[in-house]
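Trainee: Let me begin by handing over the structure; questions about it come next.
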Amino acid sequence: MSRPFSFSPVRTALLLAAGVLLGSLWPVLRPAAPVPGQDAVTSPQSLAAQVTLEQVPVPFLHIRPAAMEAHTLLVLYPGGLVSPQAYEWLGRALAADGIETAIPVFPLNLAVTGAERAGPLIEALGSGKRVILAGHSLGGAMAAQYAARHPETVGGLLLLAAYPPGGSDLSALDLPVLDVLAEHDGVLNRQKWQDAQARLPAHTPVQLGGAVHAFFGRYGPQRGDGTPTVSRAQAEAELLDAVRSWLAEVSH
């Protein structure tokens, strides 16, 4: 469902048709995103961000630093059937570091229905900033596909439990890549992920110990996922540390 994979025209059509059906079953397949705890709501990170839902140039969740100019634009594609708000926590935390986050809203909450949506966002918001493209699961596959097609517009790629789909070869690009996995991910196809490593340039791998596929976004448990052996809070903290460290390196 939110597994990244290669897309032929036939498979894309089938996925879109399935998406219509799955969209009608949304309340059954995906519980509502959990409300953050009071500590998350009142944390310095959350207070350092301004969050708005905007419609131009495309519908997107816009997360900006409240007290400084942003030096980096992070365009983040959500996982399949996951709403943009599930990744708001990460954008809010990164805002304290001068990072502006744009999370596109896709038809049916499937990035495959609008994989080029990063383009208008980069054009509208990316001037004078380093542009990082990111994505979780299916969203990561589409982000990698976009980066392969438009390498001149992207200054880095962040893959969260994701890999480039077949036909998207980034191996010859001079592109920093951070590839983050969860130790107990029951959704990611490990063999396809392994095979796809040859389609990436030299990159930084990170594994979140004890974490699962659904810990990258706040959307609740996911069918077929593994069993976590750490708390969501611990996994989020480790992910945030890894992303911050990597962004600090690629910004120099």
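Trainee: Find how many whole Å separate the alpha carbon centroid of segment 229-244 from the alpha carbon centroid of segment 121-197.
Mentor: 20
Trainee: Oh, and also: Local charge sum around LEU121 (other residues, Cβ-Cβ under 11 Å, Lys/Arg +1, Asp/Glu -1)?
Mentor: Values: positive: ARG117; negative: GLU54, GLU100, GLU116, GLU123.
Once positives and negatives cancel, what remains is -3.
Trainee: Right, another one. Hey, can you grab everything whose amide H is under 5 Å from the amide H of LEU110? Only 5+ residues off in sequence or another chain; H modelled, so Pro and N-termini drop out.
Mentor: The answer is LEU81.
Trainee: For a quick check: with amide H placed at 1.01 Å from N, whose amide H comes under 5 Å from GLN207's, ignoring anything fewer than 5 positions away on the same chain?
Mentor: The answer is LEU181.
Trainee: According to a simple spin-label model (label point 7 Å from Cα along Cα-to-Cβ), what is the distance in nm between ALA233 and GLU116?
Mentor: 4.5
Trainee: Using packing as a proxy for protection, rank 83-93, 48-58 so that the peptide with the highest average count of other Cβ atoms within 10 Å comes first.
Mentor: Working: 83-93: 23.1, 48-58: 13.9.
The packing order, highest mean first, is 83-93, 48-58.
Trainee: Using the Kirkwood radius over Cα pairs, work out the Stokes-Einstein diffusion coefficient for segment 131-220 at 20 °C and 1.002 mPa s, in µm²/s as a whole number.
Mentor: Working: Rh = 12.9 Å.
The calculation lands on 166 µm²/s.
Trainee: I've got another one for you. With θ taken as phi - 60° and the coefficients 6.51, -1.76 and 1.60, list the Karplus ³J(HN,Hα) couplings across segment 238-251 in order, rounded to whole Hz; mark glycine and proline as x.
Mentor: Going residue by residue, I get 5, 5, 4, 4, 5, 5, 4, 4, 5, 4, 5, 5, 6, 7 Hz, with x marking Gly and Pro.
Trainee: Right, next: For a quick size check, give me the Cα extents of segment 60-151 along its three principal axes, largest first, whole Å.
Mentor: Between the extreme Cα coordinates on each principal axis of segment 60-151 lie 34, 27, 17 Å.
Trainee: If R0 is 41 Å, what FRET efficiency do you get for GLN50 and GLN191 from their C-beta distance, rounded to 0.05?
Mentor: 0.45
Values in this text are rule-based calculations from the coordinates and carry no lab data. Here the structure is a predicted model, which means the values were calculated and not measured. Cβ: placed from backbone, ideal geometry, glycine included. Neighbour counts: every protein chain shown.
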